[in-house]
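Trainee: One structure follows; several queries about it will come next.
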């Protein structure tokens, strides 16, 4: 199966083993490009099939290493990818889908938030334009209305501003600016707000990828 003009081989693991993806290369120094192609493929696969995909490790070298490893995550046997067709090609699309795969698959609500938020920054070089875009998405949200109501019940009146100042900045900085808000991952209210906000930033990230980066919608 070709991806990024490179051949890929997907090998289904036994019930207790992980699946594997392999890509051959002729130049010994080409393993990094092969890794990126595989990563691009996994990100698009995660997006299209709504799958949490974890890349445990990478092995490179001569020959065809078995590279099977015990599987520690729930896995699906329902999908067939023999007819998978690449629809994502630009660098910005691949970058956004990489962040989305990381956020979608993460068990940490804080890392999920930051991964989804990074997607807003890809199509906008100007911070004010990004802020206006995020603000314009709030009234259009449909899947995360319960999360909006939760935050507003807990005193968040301007959700778009909160996502940037209390969410993104609060998670990214630890007293870099003493006057800024800090998210304390041990505090219940902080943790709960981020958990609920993840549904909001995920939906906004999806809308951003589709409308601003032309990532094909999922069926």
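The values are calculated or read from the model by the stated rules, or taken from the named source; none is laboratory data. All values derive from a computational prediction rather than experimental measurement. Note that we place each Cβ from the backbone using ideal geometry, even for glycine, and neighbour counts take in every protein chain shown.
Trainee: Among residues belonging to segment 183-218 that are in a loop (DSSP other than H, G, I, E, B) and free of Cβ contacts under 8 Å to residues at least 60 places away in the same chain, point out the one that is nearest to residue 98 (Cα to Cα).
Mentor: The qualifying residue nearest to residue 98 (Cα to Cα) is 217.
Trainee: So for segment 26-42 (the condition being touching a residue at least 60 places away in the same chain (Cβ under 8 Å), closer than 20 Å to residue 99 by Cβ and part of a helix (DSSP H, G or I)), does at least one residue qualify?
Mentor: no
Trainee: For segment 146-162, state whether one or more residues are in contact with a helix residue (DSSP H, G or I) (Cβ under 6 Å, 6 or more places away or on another chain), modelled with pLDDT of 90 or more, farther than 24 Å from residue 127 by Cα and surrounded by 15 or more Cβ atoms within 10 Å (Cβ to Cβ).
Mentor: Yes, segment 146-162 contains at least one residue that is in contact with a helix residue (DSSP H, G or I) (Cβ under 6 Å, 6 or more places away or on another chain), modelled with pLDDT of 90 or more, farther than 24 Å from residue 127 by Cα and surrounded by 15 or more Cβ atoms within 10 Å (Cβ to Cβ).
Trainee: Next question, about the same structure. Output the number of the condition that residue 115 fails; it satisfies all remaining conditions of (1) surrounded by fewer than 18 Cβ atoms within 10 Å (Cβ to Cβ); (2) closer than 20 Å to residue 40 by Cα.
Mentor: (1)
Trainee: Oh, and also: Output yes when any residue across segment 103-110 is at pLDDT below 75, assigned to a loop (DSSP other than H, G, I, E, B) and either surrounded by 11 or more Cβ atoms within 10 Å (Cβ to Cβ) or assigned by TED's automatic domain parsing to the domain that holds residue 163 (or both), and no when none is.
Mentor: No, segment 103-110 contains no residue that is at pLDDT below 75, assigned to a loop (DSSP other than H, G, I, E, B) and either surrounded by 11 or more Cβ atoms within 10 Å (Cβ to Cβ) or assigned by TED's automatic domain parsing to the domain that holds residue 163 (or both).
Trainee: Under 6 Å between Cβ atoms, which residue pairs at least 6 apart in sequence (or on different chains) link something in segment 134-161 that is assigned to a loop (DSSP other than H, G, I, E, B) with a partner that is buried (at least 18 other Cβ atoms within 10 Å of the Cβ) and at pLDDT below 95?
Mentor: Filtered contacts from segment 134-161: 156/162.
Trainee: Just the residues that are touching a strand residue (DSSP E or B) at 6+ places or on another chain (Cβ under 8 Å), part of a loop (DSSP other than H, G, I, E, B) and modelled with pLDDT of 65 or more, please, taken from segment 55-97.
Mentor: Those that are touching a strand residue (DSSP E or B) at 6+ places or on another chain (Cβ under 8 Å), part of a loop (DSSP other than H, G, I, E, B) and modelled with pLDDT of 65 or more: 69, 71, 81, 86.
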